[in-house]
Amino acid sequence: MVSADDLTIDPDGLRAGLPGMTVLDARWRLAGRPGREDYVEGHIPGAVFIDLDTELAGEPGPNGRHPLPDPARLQEQLRAKGVRNDKPVVVYDAGDGQAAARAWWILRWAGHRDTRVLDGGIAAWTKQGHPVTTEEPNTTEGDIEVKPGSMPSLTADEAAATANAGTLIDARVAPRFRGEVEPIDPVAGHIPGAVNRPTTENAGDDGRLRTAEEIRDGFAKAGVQDGVPVGAYCGSGVTAAHTVLALHRAGRTDAALYVGSWSDWVTDPNRPVATGE
């Protein structure tokens, strides 16, 4: 079924809705073999692969490791995958929902409101006995018109302002937030004033989003308050997209994503860095 908040869909709901939905396979790893190889070995029938590194983000550089994609190029790529203005889109990943949430956020940022995440990803799909295939579909050219800016986002300065005037959530694991380790970016620590709530707290062990009440309680403990600005960041704007998805489930559709995240913040040596709790 489709969730009441139109953010997620379960495997049975997706199976019942095919072929009236465009399905995008967004499997991705920070390191290791490319998600495209997983797709080739088996995917949901009718699904088209979308690459997080090259299609759901721009070129890495001074704006971070996964900056916003160029709108014109994104439109061309989404149309090639069959994405239409008037047809629902379902995105999925291996199961934890993080890469799928990045795809969800980018499509909604591009103006495609009827985009949902397959709750539990392909792991939930196969667990419920639904088929996979190695056959790649023939896609019909889509007609999506990308309208960038349809989801709230933050620049570095706006992220700092949110940390001061509202709640800026750092979605990374606690040791990275505290600056004890930093396996990827050149500087360890966090944005001053940010609070830590790892993305893993948004979902259960099966990767499915927790209930709205559970998520609201968790964010309240992290300091999120009604009527006060809230934003999220992580290392490069992937896991924090899942935090924004969870905030939407909690009713905070105004939640903003700092897309460049820590990988953007540390490109300017004049920006302050905090460590510890």
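Scanning region 190-202 for residues that are of a type outside the set (Ser, Thr, Tyr) and outside any loop (DSSP other than H, G, I, E, B) yields 190, 195, 196, 201, 202.
So, in region 146-176, exactly how many residues are assigned to a helix (DSSP H, G or I) and of a type outside the set (Gly, Ala, Ser)? I'd like the intermediate steps shown before the answer.
Let us first name the residues in region 146-176 that are assigned to a helix (DSSP H, G or I), namely 156-165, 174-176.
Checking the rest, the ones that are also of a type outside the set (Gly, Ala, Ser) come to 157-158, 162, 164, 175-176.
Final tally of qualifying residues: 6.
Mind checking which residues of region 167-178 are in contact with a strand residue (DSSP E or B) (Cβ under 7 Å, 6 or more places away or on another chain) and surrounded by fewer than 18 Cβ atoms within 10 Å (Cβ to Cβ)? Answer for region 167-178, where residues must be in contact with a strand residue (DSSP E or B) (Cβ under 7 Å, 6 or more places away or on another chain) and surrounded by fewer than 18 Cβ atoms within 10 Å (Cβ to Cβ): just 174.
From the list 193, 189, 237, 223, the one residue that fits, being crowded, with 23+ Cβ neighbours inside 10 Å and on the phi > 0 side of the Ramachandran plot, is 237. The residue list 144, 106 contains one member that is at negative phi and more than 14 Å from the chain's Cα centre (by Cα), which is 144.
When you scan region 94-113, how many residues do you find that are over 29 Å from residue 205 (Cβ atoms) and either in a loop (DSSP other than H, G, I, E, B) or not assigned by TED's automatic domain parsing to the domain that holds residue 58 (or both)?
Going through region 94-113, the residues over 29 Å from residue 205 (Cβ atoms) turn out to be 109-113.
Retained after the next criterion (residues that are either in a loop (DSSP other than H, G, I, E, B) or not assigned by TED's automatic domain parsing to the domain that holds residue 58 (or both)): 110-113.
So the count comes out to 4.
Across region 194-219, the qualifying residues are those that are within 28 Å of residue 271 (Cα to Cα) and out of contact with any Cys (no Cβ under 8 Å at 6 or more places or on another chain), and the one among them that is modelled with the lowest pLDDT is 200. The listed residues are 143, 205, and the only one of them that is free of Cβ contacts under 8 Å to residues at least 60 places away in the same chain, in a loop (DSSP other than H, G, I, E, B) and among the charged types (D, E, K, R) turns out to be 205. Pairs meeting the criteria (first residue in region 147-158 and at pLDDT 95 or above, second residue hydroxyl-bearing (Ser, Thr, Tyr), beta carbons under 6 Å, at least 6 apart or on different chains) are 154/258.
Residues that are at pLDDT 95 or above and of a type in the set (Ser, Thr, Tyr) number at least 1 in the following helices (runs of 4 or more DSSP H) confined to region 3-89: 35-41.
When 228, 187, 244, 224 are checked against the criterion of being out of contact with any Cys (no Cβ under 9 Å at 6 or more places or on another chain), in contact (Cβ under 8 Å) with a residue 40 or more places away in the chain, assigned to a helix (DSSP H, G or I) and of a type outside the set (Ser, Thr, Tyr), a single residue qualifies: 244.
Just the residues that are surrounded by fewer than 16 Cβ atoms within 10 Å (Cβ to Cβ) and either assigned by TED's automatic domain parsing to the domain that holds residue 192 or out of contact with any strand residue (DSSP E or B) (no Cβ under 9 Å at 6 or more places or on another chain) (or both), please, taken from region 136-166.
Scanning region 136-166 gives 138, 140, 141, 143, 145, 147, 149, 150, 155, 157, 164, 165.
The values are calculated or read from the model by the stated rules, or taken from the named source; none is laboratory data. Just so it is clear, the structure is predicted and the values come from calculations on it, not from any experiment. Here Cβ is always computed from backbone atoms with ideal geometry, including for glycine, and neighbour counts include all displayed protein chains.
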